[in-house]
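Notes to accompany the following structure.
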Amino acid sequence: MTQHAQEITSGQRFAFGENWTRFLTTLKEERIVQAEASLQNMLGPGSLRGRRFLDLGCGSGLFSLAARRLGAQVHSFDYDPHSVACATELRRRYFPDDPSWRVEEGSALDPQYLTSLGRFDVVYSWGVLHHTGSMWEALHNASIAVAPGGRLFVSIYNDQGTASRRWLAVKRRYNRMPAQLRFLLLWPVLVQTWWRRSLKDLLHLRPFESWRREGRERGMSAWYDLVDWVGGYPFEVAKPEQIFEFYRERGFTLEKLTTCGGSMGCNEFVFLKS
């Protein structure tokens, strides 16, 4: 049994890749176009054509695919073998035998591996580094791969103080429960998270409109995002100013910031390396 499999079996890690494998069954052209738009919104139209793009923790592979369709040379890697398989499958479907898209297994906590990849014009890691079990080390390692003048696009869970500590306890419990009993945590969170919006939609005669729209701006899925949120462990958080100061000390300039408005979501950062 691999270390990754042992971590999942012992409840130390959520099976992200298995969740993304199920997500791929819902993937349609509309979601891919939305993923492309979200990249261009943060990085600028035409900013990826001919650029080297590193998808650090590629998950479902959706954003590797989006970057490749936008003209980037893509290198995708993930610690989870199932996520590697997801990206490999998308490459097979849309860019078979493409020398400009490479997919492999690797760890954000392995600086030697990252150094071996060379430097990239864009290093992208959305919602990944806070799940490594050593977030600040992973944040530093991500900077290794950014070329001078290149960009680092990361998103990190917002620090909500006491609320974040409660979520940590929920996530730890979820991963230590038998798989057949996890619905006992998942469904209460679904109700807690969605009842207000669902009631509002119903009163406006638009039942489930918010559910259908959730995650649409990134081509994602409300259900698989919920499972990822409840199960996502290891789990660390940071305040926006902490991320800003961390990368400023490493020679990066903040180019763009999108916050989640103090909620339980992710803050998004685009840094420019001088």
- Every pair of residues 6+ apart whose Cβ atoms lie under 6 Å, when the first sits in region 34-53 and is among the aromatic types (Phe, Trp, Tyr) while the second is part of a helix (DSSP H, G or I): Phe53/Ala67
- Message: If Gly149 meets every condition in (1) surrounded by 17 or more Cβ atoms within 10 Å (Cβ to Cβ); (2) in the same structural domain as Thr258 (by TED's automatic domain parsing) apart from one, which number is that one?
- Response: (1)
- Query: In the set Gly118, Gly149, Gly133, which member is on the phi > 0 side of the Ramachandran plot and part of a strand (DSSP E or B)?
  - Reply: Gly149
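Rundown of residues vs (1) without any contact (Cβ under 8 Å) to a residue 24 or more places away in the chain; (2) part of a loop (DSSP other than H, G, I, E, B); (3) surrounded by 18 or more Cβ atoms within 10 Å (Cβ to Cβ), yes/no style:
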site	(1), (2), (3)
Val122	no, no, yes
Ser143	no, no, yes
Gln160	no, yes, no
Arg166	yes, no, no
Arg173	yes, no, no
Leu184	yes, no, no
- Message: Looking at the structure I just gave you, is Leu168 within 18 Å of the chain's Cα centre (by Cα) and within 15 Å of Pro234 (Cβ to Cβ)?
- Response: yes
- Look at region 237-249 and say how many of its residues are crowded, with 16+ Cβ neighbours inside 10 Å and not aromatic (Phe, Trp, Tyr). 4
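Got at least one residue in region 79-91 being of a type in the set (D, E, K, R) and crowded, with 18+ Cβ neighbours inside 10 Å?
Within region 79-91 (the criterion being of a type in the set (D, E, K, R) and crowded, with 18+ Cβ neighbours inside 10 Å), the answer is yes, since at least one residue qualifies.
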- Could you please give the count of residues in region 215-263 that are among the polar types (S, T, N, Q), outside the structural domain of Leu184 (by TED's automatic domain parsing) and modelled with pLDDT under 85? 1
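Where in region 3-95 are the helices (runs of 4 or more DSSP H), entirely inside, with at least 1 residues that are on the phi < 0 side of the Ramachandran plot and among the aliphatic types (A, V, I, L, M)? Spell out how you get there, then give the answer.
On the way: elements: 3-9, 16-23, 29-43, 62-69, 81-94.
The helices (runs of 4 or more DSSP H) meeting that bar are 3-9, 29-43, 62-69, 81-94.
The values are calculated or read from the model by the stated rules, or taken from the named source; none is laboratory data. Computed from a predicted structure; not experimentally measured. Please note: Cβ atoms are built from the backbone with ideal geometry, for glycine as well, and neighbour counts cover all protein chains shown.
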